[in-house]
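I have placed the structure first, in the form of structure tokens, so that the comments after it can refer back to it.
The values are calculated or read from the model by the stated rules, or taken from the named source; none is laboratory data. Computed from a prediction, not measured in an experiment: that's the story for all the values here. FYI the Cβ positions are ideal-geometry reconstructions off the backbone, even for glycines, and counts take in every protein chain you see. Note: areas computed on protein heavy atoms with side chains; ligands, DNA, RNA excluded. Shrake-Rupley method; radii C 1.70, N 1.55, O 1.52, S 1.80 Å.
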Amino acid sequence: AQSAVQVFKDMGPTMPKNIGLRIGLLDFDLFVKSEQTVLSRVVGDLVGVAMDSLGASEGWIHLEVRRWQRPEGSFGALIITDNGQGWETVPSTIQGLRVLAKHSGGRCFFDSETGLGTRVDFMLPLMQLPGPDGSSESQLI
């Protein structure tokens, strides 16, 4: 199974030449309770929102992976930021990701300001160890 970081890296060759990808790994070996296909979709949707924010302008998309401690527990967080034009309203893709995160026991936060870019934090509950068959857990890194 591919990690979220590998899915992000694999998008590199398909990106328009005006967009650079950057990765920041603050934590390693984070496992979340999620199907692999769901995690791949989340990464694709997050990158899509960032690309829409960038439009045709030159810019970057940054993926950060980290452990996030909140009062309700420990989460694995995928944080996507960009230096695009930002959004005046919340894109429908984000609404869908919020529903998916909530259904999975996670959270999805969206912050965007016109002209200053966008940040989306997508968090899922952490697992202690991957399951023996890996069917219901995916690795973030």
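Within region 42-80, which residues are in a helix (DSSP H, G or I) and of a type outside the set (A, V, I, L, M, F, W, C)? Scanning region 42-80 gives Gly44, Asp45, Gly48, Asp52, Ser53.
Would it be correct to say that Gln6 is touching a residue at least 40 places away in the same chain (Cβ under 8 Å), open to solvent by 40 Å² or more (accessible area, probe 1.4 Å) and under 15 Å from the mean Cα position of the chain (by Cα)? Answer is no for this residue. For the list (1) surrounded by fewer than 18 Cβ atoms within 10 Å (Cβ to Cβ); (2) outside any strand (DSSP E or B), I need the number of the one condition that Leu39 fails. With respect to (1) surrounded by fewer than 18 Cβ atoms within 10 Å (Cβ to Cβ); (2) outside any strand (DSSP E or B), Leu39 is out only on (1). Across region 52-87, the number of residues qualifying as of a type in the set (Asp, Glu) and buried (at least 18 other Cβ atoms within 10 Å of the Cβ) comes to 1. If you filter region 20-36 down to residues that are open to solvent by 40 Å² or more (accessible area, probe 1.4 Å) and either part of a strand (DSSP E or B) or out of contact with any strand residue (DSSP E or B) (no Cβ under 8 Å at 6 or more places or on another chain) (or both), you find that the one that is farthest from Lys9 (Cα to Cα) is Phe28. Among the candidates Val120, Val90, Val49, the residue that is loosely packed, with under 15 Cβ neighbours inside 10 Å and modelled with pLDDT of 90 or more is uniquely Val90.
Out of region 9-19, which residues are open to solvent by less than 60 Å² (accessible area, probe 1.4 Å) and over 17 Å from Leu78 (Cβ atoms)?
Met15, Pro16, Asn18, Ile19, listed by residue number.
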